[in-house]
Amino acid sequence: MKNLKKGLSILTFAFVMVISLSVVNVNAADYDLATEMGNLLAGNPLTLTAEDSLSYNNEVWFGANGRFTINSGEVTFQYTGGVVNITIDTAVGNSNVTLNEGKQFITQVEVGADKAPVNFTISDSSILSVNGTLVIPSGAESIIVNNGNLNINQSGSLEIRNRANNYQGTGFLNVFGNIVIYGASGDNIGSQQIRLHENANVYSEADILDNLTISKADSDTNTYEIVENTNNTYESVTADIGLREFPYAYTVKAQEVEEIPVTPGEDETSQNNPTEEVKNEENPETSDGILLFLGLTVVGFAGTALAYRRLHN
């Protein structure tokens, strides 16, 4: 009987494990954007997790080997009012997504014969790390709304094309790599603050120096400064824009600390050599002893002379 109960327990445990694994496998899905477009046009959202993948034009957009990798959390697609909304969510916690090195994403999507703009939103406390190139084009009414953290890493670039208010939000824009701002007005960046880290590069057709601040780790004791970049050329990922020279180019460098040699003066020499001063000083106790000895000697000679006179007179 005991063996029967034990066997049933093992079978029950195995059954539960199979069911659990089946649920995990069912949750992972491979989507194709063209196939899902009908659902999106109907207003139905599509939510992706780290286990899912999404392909577009036979290329993986979201997935382990795609343009984007979902490290944690969720990414939601929804088509509303002619705009594709891509949101890095916080519904399941702080989401973390990476645009991979060597990849690019221009915030627009082909819907039939047209190109629909993309509103790319980084929710509060979520992170988008750019190791490739992220572009906000001027042709489509695309917007990046950064309410979380947008990190342009050393291998990454953010190109903000010439259209007003296409970068918005209250989050942090941290630049370790390149940020490129087209348009002489600068209204595409508005009053947004750009936090530059060491060796970050800024290329701009507008004077946006007031938008730039220096950021560093709390443990970093170096002092940094924003300086003009001698290399003011940047080549866009799109061929129609190509290589351009920018009138405003900046980078961040650590300030060099100049060591000034100290030449000791007369006062410093005497202060630094107190022992020599004592050696050269006349000891007051020794001086007083010599004077006392000389005085007593004189008195002794005088007394002797006086006694000698009295004896011979």
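The values are calculated or read from the model by the stated rules, or taken from the named source; none is laboratory data. Note that this is a predicted model, so its numbers are computed, not measured. Every residue, glycine among them, receives a Cβ derived from its backbone with ideal geometry; neighbour counts consider all protein chains shown. Accessible surface areas use protein heavy atoms only, side chains included; no ligands, DNA or RNA. Shrake-Rupley method; radii C 1.70, N 1.55, O 1.52, S 1.80 Å.
For this structure, a couple of remarks:
- Computed extension gain for ARG195 through ILE226, at 0.36 nm per residue and net of the alpha carbon distance, reaches 10.0 nm.
- GLU235 paired with LEU41, simple spin-label distance in nm, labels 7 Å along Cα-to-beta-carbon: 3.9
- Spread over its residues, the convex hull of the C-alpha atoms of segment 53-199 is 109 Å³ per residue.
- For segment 174-255, the average shadow cast by the Cα convex hull is 5.6 nm², which is a quarter of the hull's surface.
- Beta-bridge orientation, segment 26-95: approximately 75 percent antiparallel, per DSSP, counting only bridges with both partners inside.
- Peptides 38-47, 238-247 ranked from most to least packed give 38-47, 238-247, packing being the mean of other C-beta atoms within 10 angstrom over each peptide's residues.
- For segment 181-231, the per residue solvent-accessible surface stands at 53 Å², with DNA, RNA and ligands left out and a 1.4 Å probe.
- The apolar share of the surface of segment 107-238, taken as the fraction of accessible area on carbon and sulfur atoms (1.4 Å probe, ligands and nucleic acids excluded), comes to 40 percent.
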